[in-house]
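Down below is the structure, laid out as structure tokens.
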Amino acid sequence: MLDTTTRARNIDDGSIKALDMNPITSFLVFVCIVAGAGAAYWGHSYPYIAFVFFAAAVLIALSLKMANVWQKFVILRMGKLQSVKGAGLFVIIPIVDRIIAVIDGRIQTTAFNAEQALTKDTVPVNVDAIIFWHVHDAEKAALAITNYREALDRVAQTSLREMIGSSMLAALLSDRKEADEQLKVEIGQKTAPWGISVSSVEIRDVAIPVALQDAMSRQAQAEREKQARVILGSAEAAIAGKFVEAAAIYAGHPWALQLRAMNIIYETTKERGATILMPSSMVDSLNPSAATLALALASKGAIEPELVRRQATA
């Protein structure tokens with residue numbers, strides 16, 4: 001049989017009360033005690049009847065147990081595994097049978113961390129994580145290991161440090177999902193022989209030194225400035241290309257250039273009370289010479305080349 005300390009470690013903290021009497025057992029014990037007291041008071045001729053009721057109360061209290069739907073009772077009989085009882089009422093043999101563990105089969109959470117762990121690029125980080133797990137085999141959890149909760153915590157911390165040591169800081173900060181999946185697989189492989197299944201692992205926070213935070217902030221700012229300058233240069237090139245296209249259009253269509261000049265003057269004089277000073281060359285551009293118009297029309301084939309030469313000479 002296991003001693004009291006070992007039993008306390010094997011029994012879940014939330015299931016210690018399961019070893020106490022359940023309502024049904026308590027009611028039956030109460031009935032037997034009342035019946036025994038009544039028999040002792042009224043049955044002077046048969047005093048052994050009261051003794052029978054009292055003995056039945058003790059026997060019921062020690063033997064009749066009840067497990068909730070999420071609980072598993074691991075029972076040893078004279079040091080050997082007798083059975084694993086699930087939900088409902090069951091009976092054990094007092095003295096011969098002993099409940100050594102009450103396993104909670106619900107999904108549970110355990111928080112763990114790694115402080116000042118070095119990444120692959122020798123950066124100290126503090127990582128906080130949480131693991132979701134449950135016991136799928138109560139027999140293994142009770143018999144294969146002394147304290148599966150403590151062992152799970154140690155395995156989780158060790159796996160977390162190993163993962164940090166094999167990862168670059170940039171990957172650890174950006175690829176959280178991949179790191180979570182890696183931890184889940186590693187921890188699950190180590191805890192499976194103990195009857196424990198790992199549902200998921202989530203890294204909650206990755207803390208880096210303040211000096212490194214400032215350096216990374218400056219680096220990110222420089223990268224954004226570089227990207228902004230590249231975008232501005234691309235915009236300038238695109239604008240210059242459009243200007244070249246516009247110049248080609250204006251070269252072949254003097255009237256379009258004239259209309260554009262008039263539109264510029266209109267835009268500058270929309271505000272009331274504004275005084276605009278325009279150079280004479282700009283005014284001349286609004287009245288292109290006859291030679292310029294003739295050459296433009298000749299390029300379009302609208303007049304004969306001979307007429308163009310005459311107008312140009314004139």
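Quick notes on this one:
- Extended-chain gain in nm, criterion 0.36 nm per residue less alpha-carbon gap, residue 238 and residue 95: 42.3 nm
- Of 140/177; 72/184; 184/226; 72/190; 120/184; 85/177, those spanning more than 27 Å from alpha-carbon to alpha-carbon: 140/177; 184/226; 85/177
- Segment 86-149: trypsin sites (Lys or Arg not before Pro) falling in loop per DSSP and having at most 14 other Cβ within 10 Å: 106, 120
- Distance between modelled label sites at residue 199 and residue 263, nm, 7 Å Cα→Cβ extension: 6.6
- Among 118, 197, 145 - extreme Cα towards positive end, dipole of segment 108-208, charges at beta-carbon: 145
- Cα-projected label distance for residue 251 with residue 58, points at 7 Å along beta-carbon direction, nm: 11.8
- A simple charge model with +1 on the Cβ of Lys and Arg, -1 on the Cβ of Asp and Glu and nothing else charged puts the dipole of segment 17-109 at about 340 debye relative to its Cα centre.
Values in this text are rule-based calculations from the coordinates and carry no lab data. For clarity, every value in this text was computed on a predicted model and none was experimentally measured. Positions of Cβ are generated from backbone atoms using ideal geometry, with glycine treated the same way; all protein chains shown enter the neighbour counts.
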